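Accompanying notes for the structure given below.
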Amino acid sequence: DIKDIEYLSYSNEIDPKRRIIYKNYAIKVNKQEKSIRQNTIEIISNRIIELLKMHEKERGLILVNSYPDQEDILKNIQKLEPELIKRLTFKDKNSSTSNEELIRKHKRDDKENSVLLSPGMWYGVDLKDDYGRFCIIAVAPYIPNDSINQAKTRLYRNDMWKKRSQFFKLIQGAGRCCRHQEDHSTTYVIDEGCEVMYSDIVQYLKDHPNENKEWYNDSVREF
């Protein structure tokens with residue numbers, strides 16, 4: 001029953017300066033037209049290459065929203081900067097490798113500048129200290145328009161469930177590499193589609209002043 005529920009809201013104890021999130025938009029990833037998508041993914045891949053070179057001696061994480069995103073980005077990097085593929089730690093869609101196994105590979109001493117690439121590490125991944133000094137949110141975390149999500153949207157009678165699910169995933173993704181008060185990392189958001197989710201967070205906080213505990217917006221900067 002709703003009367004038995006209490007909502008608890010806590011501030012983030014990590015200094016925003018230690019978990020900076022840069023709006024480093026390259027382009028909005030287009031999910032529809034194949035020819036347009038190919039062009040936008042190439043632009044996204046170029047920006048990823050630039051950031052990998054900026055952090056050439058550090059471990060990090062690249063978050064995408066699907067395995068097709070992952071495959072398209074890998075193909076572009078292979079074409080543009082094949083040497084960088086050696087840094088990337090990833091698994092195929094049909095692989096039986098678990099996230100835990102992938103992270104162990106990422107942490108090995110012989111992969112000191114390893115960068116994880118995954119659509120499945122938005123939640124529950126702990127890349128503290130030197131295991132994650134930077135994070136690249138390459139593709140906005142849109143909720144799939146499948147039958148289950150359509151039903152949930154109808155149940156709520158508006159799109160708030162979908163909006164909250166998307167911006168919550170964005171917030172979670174930005175928190176994978178800065179894990180405690182003495183830690184630090186930099187997050188780069190390069191798909192302009194994330195701007196809508198950022199605006200939804202701003203609006204949510206305005207609509208819920210008693211829950212105004214910022215975990216994302218307080219560390220956002222223009223690149």
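The values are calculated or read from the model by the stated rules, or taken from the named source; none is laboratory data. What you see is a predicted model; the values in this text were computed from it and never measured. Positions of Cβ are generated from backbone atoms using ideal geometry, with glycine treated the same way; all protein chains shown enter the neighbour counts. Please note that ligands, DNA and RNA were not included when accessible areas were found on the heavy atoms of the full protein model with its side chains. Shrake-Rupley method; radii C 1.70, N 1.55, O 1.52, S 1.80 Å.
Computed values, structure above
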read-out	value
Set K128, K86, K53: member being within 26 Å of C194 (Cα to Cα), exposed (fewer than 12 other Cβ atoms within 10 Å of the Cβ) and not small (G, A, S)	K53
Conditions (1) surrounded by 14 or more Cβ atoms within 10 Å (Cβ to Cβ); (2) touching a helix residue (DSSP H, G or I) at 6+ places or on another chain (Cβ under 9 Å); (3) assigned to a helix (DSSP H, G or I): number failed by I143	(3)
Tally of residues being assigned to a loop (DSSP other than H, G, I, E, B) and open to solvent by 40 Å² or more (accessible area, probe 1.4 Å) across the stretch 10-28	5
Residue pairs meeting the criteria (Cβ under 9 Å; at least 6 apart or on separate chains; first closer than 18 Å to L205 by Cβ and of a type in the set (K, R), in the stretch 162-191; second in a loop (DSSP other than H, G, I, E, B) and open to solvent by less than 10 Å² (accessible area, probe 1.4 Å))	K169/W122; K169/P141
Unique match (being over 30 Å from P209 (Cβ atoms) and not in a helix (DSSP H, G or I)) among K79, K53, K57	K57
